[in-house]
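Structure, as structure tokens:
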Amino acid sequence: MRQKGILFLLIFWVFTATSCRKYLDAKSDKKLVIPEKLQDLQAMLDNSYILNTGPSLALTASDEYYLDYSHWNAISSPKDKDSYIWRDNVELTSDWNNLYKSVLYTNTVLDYLADIPSGSDQGSWNKIKGSALFFRSYAFYGLAQVFVPPYDKATASSDPGLPLRLNSDYREKSVRATVQQTYDRMIADLEVAARLLPAAPENVLRPSRPAAYALLARIHLITGDWEKGRAAADSCLKAFNTLLDFNTLNTGAAFPMGNYNTEVIFHSLANYSPATVSSRARLDTVLYESYSENDLRRKAFFSGTKPYSFKGNYYADPDYLFNGLATDEVYLIRAECQARLGQTVPALDDLNTLLEKRWKSGTFTPLIATTANEALSLILQERRKELLMRGTRWSDLRRLNKEPQFAVAIKRVLNGQEYVLPPNDPRYTFLIPQGVINLTGMPQNKR
Amino acid sequence: MKRIFSVLTMLCPFLGMGQLIPVKGKIINEERKPIVGASITVKGSRKATTSNNKGEFTLTELKLFDTLVVSSVGYEPQEVPNNEKGLITVILQSKATFLQEVTVNTGYQTLAKDRSNGSFELITSEQLERRQGANILSRLEGVSSVLFDRRKVGAETNVISASELSVRGLSTLTESIKQPLIVVDNFPYEGDIGNINPSDVESITVLKDAAAAAIWGARAGNGVIVITTKKGQYNGRGRITLSTGINRTARPDLFAYPRMPVSDFVDVEAFLFGKGYYNADLNNTSTRPALTPVVELLARRRAGQISAADSATAIDALKAQDTRYDFDRYLYQEALAQQYALNFSGGTSRAQYYLSGGLDRSRSNLAGNGYQRVTLRSSNTFIPFRNAEVQFSVQYAYSRSKNNNPGGLDALSYRSGKTLYPYARLADDEGNPLVVAKDYRAGYVDTAGGGRLLDWKYRPLEELRLADNTTTLQDITLNGSMRYRLLRSLHASVSYQYERSGSAGRIHRSVETYYTRDLINLFTQINGNTVKYIIPKGGILDESRSELKSYAGRAQLDFNQALGARHQLSALGGAEVREGATSSSSYRTYGYNSELLTSSSVDYINTYPRYGGRGNARISSLGGFDEGLDRFVSLYAKGQYAYSNRFIFSASARRDASNLFGVAHNNKWKPLWSAAGTWNISNESFYRWKGLSLLRLHLSYGYTGNANNNITPQPILSYISFPNPLGEPYANMVSPGDRNLGWETIKIINTGLDFGTKNSRVTGSIEYFIKKTSNLVLGAELDPTTGISNIRANSAHMLGRGIDLSLHTVNTNGAIRWQTDVLFSYVTSTVTKYLLNDSTRQVGGFVTGRGLSMLSLEGASPYGLYSYRWAGLDPATGDPQGYLDKAVSKNYTAIMNLPLATADLVYHGPALPPVFGSVINTFSWRGFSLSANISYKLGYFFRKTALSYNELMVRGKGHPNFSNRWQQAGDEQRTTVPSFIYPNVPARDVFYGGSEVTVLRGDHVRLNDVRLSYSLDKEGWKRLPAKSVQFYAAASNLGILWRANSEKLDPDYDSYTWLYPPSKTVALGLTFNF
């Protein structure tokens, strides 16, 4: 009796007193991880649905397309309708929220990367750090094009820029930096990223050295730093200069460019906008006519019948538009910077190198210009035609409006009513979502 | 009385005073069943006997007018004068429920209810039998104080899950952890509650206060429901029970609720067509989205393809159709459920056994859907040697459900999310399936591919015929325990439970189904005469499996010692380990041939252009894997001291630890405790009030918790099953890390009074409780610039208060016995403090919740109903108007975005009833028993679904109020429904739908069910093949007797999710006891 009792108590003790620390350290869900390993940080950066995205507003609000009144009316979200006609109180939360989510991902990666010794796998460590810096700059770049006033050297140090969130601590208050600080931060980060990133893209969803230089070139173009812009474009093209020969394309296909074509340096898609989907957005006949008969882009970019819709998307999809980085744009940036620097001949060389791939074989005669200014006009004209619906037009309007000879007032017509956005109008900068203003007290953009 | 008779006998010697006569009699209970072993004594003499197994007794040599005293355990003793008839029938009344040796099960111990401390609600098998249905939880409705919230469950869903139940209001603001803990016998039940056959259930105990529930610790915050299964009995006679039942639920009445007239719907389409609303779709030559027949007719008319007269005739014909006739005829049916259960039980002096089997088959109201379940259960206990008891049970359940219905009314959709137009015909007059719009335009599917594609049309009734969608579930639970008496007053026990259940889902879509044809067509490449199928021409088979393996082990010591005559000390303590491991996987097979069991391989890597310029896409593999593991370690103890049957004191404590992910080890342990006392006032010597023979007061205080799996201090990533577009695995950030989160704690104070009158004519209990919940975790708005727009934070404190009353009265006690059971609950939950800055919270977030999501506003119920203040319709335009900065305004967006501090927000009250309960009246006469359950819910509000022009235009969802809309000046006097404008302003619909005119009072009284039963035993009818037979007929969902809203809406089944009132159900059943 007593022995049995002791045995029982012994079993009881074994049951209760065994250390349970190890037992309780088992993971409750195998898919869940705390970002502790390089592999996990890379997996965050491979979330292309969050990181490889850009703002929709830059496309919705630009003048490359138009909507029929009935198509416009059929859009159910009033904010998207208002964005199309630049209504002055329109505020769209999706671009702000989505792009700052990218910023959170990159900051989390950077914060946790700091705790991982780089020695173990220097190559991956560098790549992750470079990628995170690139993705953060890419998000800041997208945000700056729609929520920050156009860059103006004279006022950039006082104009309100982006809240530059540089770590993942959400308790830190968001405060707007200046426009100058915003661009300086992107440039500094991209310069570091360019050193750390692999020399060629492993795949176009991942950043690479040419991608960092391409984005740097874009930014220098916006800040008007032609020398650096040229240098960055040059560095990019030295590493990656493939151009797609349109003669090899099946221009009759629904989306002749396909996915991830050879020109793409870094793939990114604009956030969804119901205005720019190919079933609604229409392209102007005048624009169509501006392409020569022998220019293959006529067939590759425009749907067969009037009213034309856009099919030149670098991503074979009717709804989501490519707005990433590709070599054609870098050629155009280098050409423009050279023209601005008075280097007419190399500028035209770059332009002609690109256009030759766009025209029917044997039909292209190189463009000529006698002055740098003439070359610049040609380059800007071709820039508009080449980068159709790529999200760059909005930034171009913002910067070129500062130069009177290139300034344009853009117009919308709906049901006979005309809406005009004059050059340098405050509405070229969208309002920051009111919720953000309420929660942080940061200054709102001018109206 | 006796004295008078004695006097009479003395005065009347000729009456035969002193003559000795024999007396025969029979002792039966209220149900006319014999009472075996009742004692019969003669008052004032030593003569006594007991009743035999037929309840009969004989006493010889009795004097006329002697008084017999009849008593039996569990019954009220009764005095009967001996009269001259010679055969006496004595009906003994059972003692009131709590006066009997009623036991409640906490999962850790079984307690006599009147010797326990704490708030236990016992629901007996008899009460559970009031309702039919294969799910045990559903039987708690109307017979317990558990509140059912069915608002979020769709009309076709009859499955009850624990998350729809609430015990004493809310204890958390996190939706995913608000359900009570369900315990079966000893251990929390991890499997599907549908595996439990209700006929195996002996009783259910609801643990309501801290004293009752705190022993369950961190998972007891929302109350605990303990299901106790049937067992055999030592020395019990062998019994066999066979029961059968059949339930018929009428075909749903699709015409019960008003709908927008079809002609109005067609007129709206014609109007929108005129405005060019459909132009984008009509001109869309890439995806060619489907349009309704009316729009197609109008388009052909506009293109000059048909004449005005022809289109008008065709449209008029469509106006005359109503899709509800076809839905009623082809997609709905009368639901039928059959239940069979057979069980054996009994025992010897050293063993007890219980063995049962059950079969349930049912078909649902939706044609093509059905359910089948087989359950087997065996539970045995035996005494292997002195001082030891071993128990072992096995439970097996297999179920199979078919889910082949393509969709009921409003669920059958086209173009992902548009409701099928109200004039759709599903079959022609001969019953042949007809084509309805699905994804692409009618003209397009006729000609696309020039005959080289598969048929691209969608016929819902064909889909019903072809569908092959089944889910099977198997569950086996083994439970064993051993109890050993170490010392006279000390028992040790170990128990162990192992459960393994697996479910397998299978959806086979043959090549004839629309889904498969569509996918094949989209990936077909036609080049001249060559047709290339990227997806093989064959069926698509989706299979999924999930498995749950759980075990639980417990070691416990029980101590029970009487110290002298007055002191009783008992204690228990133990440790417990539990683990639940889940795994699941899913995969897809293309080109599946169900005849030959062959399949084909496809290219998952490359993208292919989709037919007709729809962009490039990759073939979806639909493969995925999941694995989860939950582990808990707990230590618990409970002590009780009773003094002289008058006072009981008890205390309990528990600590839990788990492997919650991302939680630092130190924070995993959470101590919780409770203390309670009971005073049996009626056992005091000074207590003299005979009228109220029972009076007992109890008080308890303690803490329970809510284990919130979502709290993690570190950021957490979750890997996604499918790679990113370029084949790399990627992860989402599922939690940014809640660095400062603390646990939710729940403090419960409970006080109660049990009472009973002499003869138990009136018995009952009343309880009052206070529940203070602190540091409730709730999503809080965060500056989206941080990358997170919503974060969980300890954001509120809440106070719950309430009264539970239960009353049982015996109104008449003669040949006709009339009893009434009253349940009354009053429960309020109020947010007392909001801990974060609420000045920036926007009012829109409060209103859109519709009272269905938990919100926290100081002074309001978490399920509160809020509205925008209504300023009437604009007399000039019929626009709805609200208030912005005290002025009448039509700036809807600004009104919705107002911060809480400056808004004019109307708080109506709770959206769940604070007052509810039921009244059950039972009349019995001989073997007949008739009862009716009337339930009531009072003091709450609901929001009716308002007309939304946006829903009408974008989703094709009509609303009956359309014909009542504002159309001309002056209409604002008679209606609150806004005018129809084009282009529509969606914010206007949202404002109107959230305004105070769409809120109604929910109060109502409902006739839940009526039940008639008849029981017959062998004594009553000698030729009965069984010992006794019980027959019942019951009807439920009998409708509302009274409601506060004048619009005839059913607040429990608002048409927001319910398209028709719950159909009346009639059940018939027969039970044989052998």
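The values are calculated or read from the model by the stated rules, or taken from the named source; none is laboratory data. These numbers come from a predicted model, not from an experiment. All Cβ positions, even for glycine, are placed from backbone atoms using ideal geometry, and neighbour counts span all protein chains on display. Just the protein is used for accessible areas: all its heavy atoms, side chains included, with ligands, DNA and RNA removed. Shrake-Rupley method; radii C 1.70, N 1.55, O 1.52, S 1.80 Å.
Can you tell me what percent of all Cα-Cα pairs in segment B:576-699 are more than 25 Å apart?
Percentage above 25 Å: 65.
Which value, in Å³ per residue, describes the convex hull spanned by the Cα atoms of segment B:273-315?
65 Å³
Between B:Ala562 and B:Ala48, what length in nm is gained on full extension when 0.36 nm per residue of separation is reduced by their alpha carbon distance?
Extending this stretch completely gives an extra 181.7 nm.
Quick check on the protein assembly as shown: helices-only [θ] at 222 nm, where DSSP H runs of length 4 and up contribute -39,500 (n - 2.57) each and the sum goes over total residues. Nearest 500, please.
-6000 deg cm²/dmol
Please work out the Cα center distance from segment B:309-388 to segment B:597-630, rounded to the nearest Å.
For segment B:309-388 versus segment B:597-630, the Cα centre distance is 36 Å.
Sorted by mean Cβ packing within 10 Å, highest first, what order do the peptides B:354-363, A:126-135, B:1023-1032, B:495-504 take?
Packing proxy ranking, top to bottom: A:126-135, B:354-363, B:495-504, B:1023-1032.
Report the trypsin sites (Lys or Arg not before Pro) located in segment B:679-761 that are in a DSSP loop and have at most 12 other Cβ atoms inside 10 Å of their Cβ, or state none.
The qualifying sites are B:Arg688, B:Lys690, B:Arg739.
Given just the C-alpha atoms of segment A:20-153, how large is their convex hull per residue in cubic angstrom?
Hull volume over Cα atoms, normalised by residue count, gives 188 Å³.
I need to check one value: relative contact order of chain A, counting alpha carbon pairs closer than 8 Å and at least 6 residues apart, in percent. Intermediate results must be reported in sequence, preceding the final value.
Working: 752 pairs, mean separation 82.8, N = 447.
Value for chain A: 19 percent.
Determine Rg/Rh for segment B:110-198; Rg is computed over alpha-carbon atoms and Rh is the Kirkwood hydrodynamic estimate from the same atoms. It would help to have the intermediate numbers written out before the result.
On the way: Rg = 14.0 Å, Rh = 14.7 Å.
Rg/Rh: 0.96.
What residue among A:Glu356, A:Glu172, A:Glu293 has the largest mean-square fluctuation in a Gaussian network model of chain A, using Cα springs under 10 Å?
Comparing A:Glu356, A:Glu172, A:Glu293 in the GNM, the peak value goes to A:Glu172.
Note down, for the protein assembly as shown, the three equivalent ellipsoid semi-axes (square root of 5 times each alpha carbon gyration tensor eigenvalue), biggest first, whole angstrom.
Listed largest to smallest, the semi-axes of the protein assembly as shown are 72, 37, 31 Å.
I'd like the interface area for chains B and A: accessible area of each alone minus the complex, both sides summed, 1.4 Å probe, protein heavy atoms only. What is it in Å² to the nearest 100?
7000 Å²
With no solvent and one point per C-alpha, what does the Debye sum give as log10 I(q)/I(0) for segment B:835-901 at q = 0.13, 0.18, 0.20, 0.21 Å⁻¹?
-0.41, -0.72, -0.85, -0.91
With an 8 Å cut-off on Cα pairs and a minimum separation of 6 or more residues, tell me the relative contact order of chain B in percent.
9 percent
Determine the principal axes of the Cα atoms in segment B:908-960, then give the extent along each, sorted from largest to smallest and rounded to whole angstroms.
Taking max minus min along each principal axis of the Cα atoms, segment B:908-960 gives 63, 27, 13 Å.
Normalise the Cα radius of gyration of segment B:792-908 by 2.2 N^0.38 Å (N = residues in it) and let me know the number.
1.64
Per the Kirkwood formula on distinct C-alpha pairs, the Rh of segment B:257-336 is how many angstrom? All intermediate terms of the calculation are to be shown ahead of the outcome.
Values: mean 1/r = 0.0693 Å⁻¹.
Over segment B:257-336, the inverse of the mean reciprocal pair distance is 14.4 Å.
List the residues of segment B:839-863 whose accessible area drops by at least 50 Å² when all protein chains are present, compared with their chain alone, using a 1.4 Å probe and counting only protein heavy atoms.
With the partner chains in place, segment B:839-863 has these residues losing at least 50 Å²: B:Thr840.
Cα-based Rg of segment A:262-350 per 2.2 N^0.38 Å, rounded to two decimals?
Normalised Cα radius of gyration, segment A:262-350: 1.28.
What number do you get for segment B:294-333 when its Cα radius of gyration is normalised by 2.2 N^0.38 Å, N = residues?
Compared with the compact-globule rule of thumb, segment B:294-333 sits at 1.54.
May I ask for the distance between the Cα centers of segment B:952-1001 and segment A:249-317, given as a whole number of Å?
For segment B:952-1001 versus segment A:249-317, the Cα centre distance is 42 Å.
Under 17 Å from the 7 Å Cα→Cβ point of A:Val286, by amide nitrogen: which residues of segment A:398-413?
Only A:406-413 fall inside the zone, counting backbone N under 17 Å.
About its Cα centre, what dipole magnitude does segment B:881-961 give when the only charges are +1 on Lys and Arg Cβ and -1 on Asp and Glu Cβ, stated in debye to the nearest 20?
It works out to roughly 280 debye.
Taking chain A on its own, what percent of its Cα-Cα pair distances exceed 31 Å?
In whole percent, the share of Cα-Cα pairs in chain A beyond 31 Å is 44.
Between A:Tyr65, A:Tyr419, A:Tyr151, where does the largest GNM mean-square fluctuation fall for chain A, given springs only between Cα atoms within less than 10 Å?
A:Tyr419
How much of the calculated P(r) for chain B lies past 39 Å, in percent of all Cα pairs?
Values: 330288 of 576201 pairs.
Distances greater than 39 Å cover 57 percent of the Cα pairs.
Can you give me the distance in nm between label points at B:Trp1042 and A:Lys402, each placed 7 Å from the Cα along the Cα-to-Cβ direction?
Spacing of the two 7 Å Cα→Cβ label points: 7.6 nm.
What size of dipole, in debye to the nearest 20, comes out for segment B:302-451 about its Cα centre when the only charges are +1 on Lys and Arg C-beta atoms and -1 on Asp and Glu C-beta atoms?
Using Cβ point charges on Lys, Arg, Asp and Glu, segment B:302-451 gives about 840 debye.
Would you mind working out the magnitude of the charge dipole of the protein assembly as shown relative to its Cα centre, with +1 at each Lys and Arg C-beta and -1 at each Asp and Glu C-beta, to the nearest 20 Debye?
5340 debye
Please give the residues of segment A:263-294, grouped as numeric ranges, whose backbone N is less than 13 Å from a label point set 7 Å along the Cα-to-Cβ vector of B:Arg415.
Backbone N within reach: A:279-280.
Starting from the Kirkwood radius over alpha-carbon pairs of segment A:319-447, derive D by Stokes-Einstein at 37 °C in a medium of 0.692 mPa s and give it in µm² s⁻¹.
The diffusion coefficient I find is 190 µm²/s.
Find the relative contact order for segment B:403-480 and round it to a whole percent, using C-alpha pairs within less than 8 Å whose residues are 6+ positions apart.
33 percent
Can you give the Rg and Dmax of segment B:441-521 based on its C-alpha atoms, in angstrom?
Computed over the Cα atoms of segment B:441-521, radius of gyration and Dmax are 28.2, 91 Å.
Over the Cα atoms of segment B:378-464, Rg to Rh with Kirkwood Rh, two decimal places?
1.52
On the accessible surface of chain A, probed at 1.4 Å, how many percent belong to carbon and sulfur atoms?
Percent of accessible area from carbon and sulfur atoms in chain A: 52.
Rg and Dmax of segment A:190-309 over Cα atoms: what are they, in angstrom?
Rg and Dmax of segment A:190-309, Cα atoms, are 17.2, 48 Å.
Can you give me the accessible area per residue for the protein assembly as shown, using a 1.4 Å probe, in Å²?
Details: 63020 Å² over 1521 residues.
Heavy-atom accessible area per residue stands at 41 Å².
Using only the alpha-carbon atoms, what does segment B:972-1022 span along each of its principal axes? Please give whole angstrom values in decreasing order.
Cα extents, longest axis first: 80, 23, 17 Å.
With r as the distance between the Cβ atoms of B:Tyr982 and B:Thr313 and R0 = 22 Å, compute the FRET efficiency 1/(1 + (r/R0)^6) and round to 0.05.
Efficiency at R0 = 22 Å is approximately 0.25.
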